[in-house]
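Sharing a structure here in structure tokens format.
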Amino acid sequence: MTLVVGAAPEHGGKAALHLAAELARSAGEDVVVASVVPAPWYPSLARVDAEYQSYLVEAADRALAGARAALPSDVPVTTVVQHASSAAEGLLEVADVHDASLVVVGSSSAGVFGHVALGSVSDRLVHSSARPVALAPRGFRARADGRVRRVTAAYGGSEAADDLVIAAARVAGRVGATLRLASFAVRPPSPITAGIGSRGEEPVVQEWIAAIHGHAEDVLADVRRLPEPPLLAASVVGWGPSWQQAIEDVTWDEGDVLVVGSSSSGAIARVFIGSNATKIVRHSPVPVVVVPRDVAAGDVDEVDVTG
Amino acid sequence: MSTFGQRVLRRKSVIQMDDETGADTGRSELARTIGVFQLTLFGVGATIGTGIFFVLSQAVPVAGPAVIWSFVIAGAVAGLTAVCYAELASAVPVSGSSYSYAYATLGELPAMGVAACLLLEYGVSAAAVAVGWSQYLNELTDNLFGFRLPEQLSNAPEQGGIVNLPAVVLVALCTLLLIRGASESAKVNTVMVLIKICVLIFFVVVGAKGWNTDHFANFAPYGISGITSGAGIIFFSYIGLDAVSTAGEEVKDPHRTMPMAIIGALVIVTGLYIVVTMVAIGAQSASSFKDQEAGLSAILEHIIGASWPGTIVAAGAVISIFSVTLVVIYGQTRILFAMSRDGMIPEVFHRVNPRTMTPVTNTIIVATIIALLAGLIPINFLAEMTSIGTLVAFLVVSIGVIILRRREPDLPRGFKVPGYPVTPILSVLGCLWIIKDLRAVTIWVFLIWTSVVLVWYFVYGMKHSHLGRHEQVGLPHENVPR
């Protein structure tokens, strides 16, 4: 299998490359670095845009050379220049050609350092890719021999979330990482004017946490029956009045990757990131992998056959 | 085997309650960030708007212009009880309503009694407030679009209607928000407080033009008992003041802040109420108040002879009463949630929807009952039921302060009632004084309601009480349904 990572001529960011290298090293996969350049509008006999096209390809080649230099030597790398009408489309085309398991992109340069920020390309990808999409936080750097050590699945307790956990577990098992389930309870404190104290919401959240832990145990029982089960870390619940605080409530380490599922309201075969997942992505301090629903469900079907 | 007496008076130990909310959450300490000014503002915000927009049309016919004294009496009693409430809240280090405090200090049966009162203070008051909202909404749409819902659809059956539809719709809207997990933020609260205060000041400024001293001539036509009956009705407009007491954990220097904020809020609220009432009485004779809908709006329209001032007041009322209804229904669902976790009422009340993280079934049941009350019962009865429920709950809290001082004198208390034992005793006497002059029917219905709840306790609660079964309170985790 292959990872596809984008390299843009005017975009010097190395975060996506670092993430791709870490993921590829962990999973034993190779990396295809793709640089997407605008396709010629129409075949022109006069070749009026020949110089422009060759300029673009040169720029792309330079970007690819830079990317290759930035990638560590222990990961097999190939490069490709892709002509497409948009960067996101080009990346998806390359991913189709190589039957990639993952498309890796960086954060928008308008984002905050250390957090994932969706840019025009990544936003498009997380709303329409049929393959999982990995997003590097802005300024992400992996060690030269960095590997994924822990996969955290964002878990909301629904059927779709169960599928996602299985998918994340298979990935974690394959790369030798620990699997951890994380749920996020975002509840504002109750208004003082309600007369039940500002912690009036705590019992409700605790009840929710108890239920979530119950569900999580059931899913983890399924995970243990996988052919290649990952090590399991204790499930955690991040709790806070805002998404940011809830996500910070959970500890994050180097080598962590967060996996979120796409919304149950989007088209079945595509990633369509939901409103909650968007908030998780935006506040995540670690790389995020967004998995389309049918990929997660497909993984589960395989389990049923093998297990 | 424990005796009957031991069973009905079993108490949740304070340590146990602390474990339930503090354990494995990392949230046992809240930052103390609230100062006097902010807490006063909270008090004003929680109190204004629950009643002043519509109690005058019930209270003035009972007390005459002397209703001004009713406000003073009701305010003084509310202040005394709020201070007692604050001590109890600070002695029991859990977040909760007076139900939780009563469970920790007085025992299971009294806690159930308090819960019966709280159902009136919250559930019935939500219905009353919703009916008041419906009056102002009608006034607003009439002024703006010349459209008024037919009488049949905006009045309770006793007043010649079929159902009070706007009130039902309001409850439904609030329910939808609560199920989706909405919550009123501090910012929204501040805006609502400002709207309410601005509307009342606007009323005073415009209404003062219609001042006529003759309206005060027959000042107290029904004597002292008229004044205390009036106090019973308008006590409704002071509910919410006790909410200040529940903020204890977050208040800086509670010994000083609590009483100052309670008294500050009380002075501001009572002052505003009295000025509003004086202007209202100055503007029209005491006899015109009876059965007046959307009172404050109607008075301004009389004075100015144009609809725009009434429209402004109605718009302010419609916006701010919405938030009051939302918060009160919210409070009610969370009280029932706590009771359900204790095993006092069936488990469905503490099922949490995993997606919205809110107790959906609980909210729907509560809303259905409130909507029925709001749609079918006239406002004066709802207001009086709320008042008696609140008064009795306060009464129990005040007694609780005395009991806890004697039983556990060394318990650390974040806040102590100044002037003990005079304050709690005065508070008890004040509540009793107001209660005695309520209408007989109100007292009867209240007694019947309380006995229904107590029968429920003996039939269900006593057996299912988690405390009684020596269980950790709360849903056993392994029984979580999928």
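Can you name the residue in segment A:169-191 that is within 14 Å of chain B (Cβ to nearest Cβ) and in contact (Cβ under 8 Å) with a residue 12 or more places away in the chain and, of all such residues, is farthest from B:Val327 (Cα to Cα)?
Among those residues, the one meeting the criterion is A:Leu181.
I'm trying to understand the selection: among the residues of segment B:273-324, which are among the polar types (S, T, N, Q) and at pLDDT 90 or above?
Passing the criteria: B:Thr277, B:Thr311.
Just need a number here: residues in segment B:195-216 that are surrounded by 14 or more Cβ atoms within 10 Å (Cβ to Cβ) and either without any contact (Cβ under 8 Å) to a residue 40 or more places away in the chain or of a type in the set (Asp, Glu) (or both).
0
Before we move on, is B:Gly113 closer than 28 Å to B:Ala315 by Cβ, of a type in the set (Gly, Ala, Ser) and at pLDDT 90 or above?
Considered against the rule, which asks whether it is closer than 28 Å to B:Ala315 by Cβ, of a type in the set (Gly, Ala, Ser) and at pLDDT 90 or above, B:Gly113 comes out as no.
Another question, then. Sort through B:Glu158, B:Glu121 and tell me the only one that's within 23 Å of the chain's Cα centre (by Cα), assigned to a helix (DSSP H, G or I) and of a type in the set (D, E, K, R).
One residue alone meets the criteria, B:Glu121.
Checking B:Ile369 against (1) under 21 Å from B:Ala243 (Cα atoms); (2) in contact (Cβ under 8 Å) with a residue 24 or more places away in the chain; (3) surrounded by fewer than 23 Cβ atoms within 10 Å (Cβ to Cβ), which single condition isn't satisfied?
Only one criterion in (1) under 21 Å from B:Ala243 (Cα atoms); (2) in contact (Cβ under 8 Å) with a residue 24 or more places away in the chain; (3) surrounded by fewer than 23 Cβ atoms within 10 Å (Cβ to Cβ) is unmet by B:Ile369, namely (1).
Among the residues of segment B:332-346, is any surrounded by fewer than 20 Cβ atoms within 10 Å (Cβ to Cβ) and either under 26 Å from B:Gln58 (Cα atoms) or within 14 Å of another protein chain (Cβ to nearest Cβ) (or both)?
For segment B:332-346, residues surrounded by fewer than 20 Cβ atoms within 10 Å (Cβ to Cβ) and either under 26 Å from B:Gln58 (Cα atoms) or within 14 Å of another protein chain (Cβ to nearest Cβ) (or both): absent.
Across segment B:169-187, which residue is nearest to the other protein chains (Cβ to nearest Cβ) among those that are surrounded by fewer than 21 Cβ atoms within 10 Å (Cβ to Cβ) and in a helix (DSSP H, G or I)?
Residue satisfying both the conditions and the ranking: B:Ala186.
Taking segment B:228-242, which residues are farther than 17 Å from A:Ile192 by Cα and at pLDDT below 85?
Residue satisfying the conditions is B:Phe236 alone.
Can you tell me which of A:Val126, A:Val165, A:Val151 is under 21 Å from A:Asn276 (Cβ atoms), at pLDDT below 85 and more than 14 Å from chain B (Cβ to nearest Cβ)?
Testing whether each residue is under 21 Å from A:Asn276 (Cβ atoms), at pLDDT below 85 and more than 14 Å from chain B (Cβ to nearest Cβ) leaves just A:Val126.
Which of the residues belonging to segment B:237-248 are in a helix (DSSP H, G or I) and more than 7 Å from chain A (Cβ to nearest Cβ)?
Hits for segment B:237-248 are B:Ser237, B:Tyr238, B:Leu241, B:Val244, B:Ser245, B:Gly248.
To keep it simple, each residue is scored yes or no on (1) part of a helix (DSSP H, G or I); (2) in contact with a Phe, Trp or Tyr (Cβ under 8 Å, 6 or more places away or on another chain).
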| position | (1), (2) |
| --- | --- |
| A:Pro188 | no, no |
| A:Val223 | yes, no |
| A:Ala234 | no, no |
| A:Ile247 | yes, yes |
| A:Val259 | no, no |
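So A:Thr178 ticks every box in (1) hydroxyl-bearing (Ser, Thr, Tyr); (2) modelled with pLDDT of 80 or more; (3) closer than 19 Å to A:Arg282 by Cβ but one. Which box is left unticked?
(3)
Can you name the residue in segment A:219-232 that is in contact (Cβ under 8 Å) with a residue 24 or more places away in the chain and surrounded by fewer than 16 Cβ atoms within 10 Å (Cβ to Cβ) and is also nearest to A:Phe184 (Cα to Cα) among such residues?
A:Leu232
Let me ask something else. Can you spot a residue in segment B:86-106 that is assigned to a helix (DSSP H, G or I), away from chain A (no Cβ under 14 Å), touching a residue at least 60 places away in the same chain (Cβ under 8 Å) and aromatic (Phe, Trp, Tyr)?
no
The values are calculated or read from the model by the stated rules, or taken from the named source; none is laboratory data. None of the values given here were measured: they were computed from a predicted structure. So basically every Cβ, Gly included, is an ideal-geometry build from the backbone, and we count neighbours across all protein chains shown.
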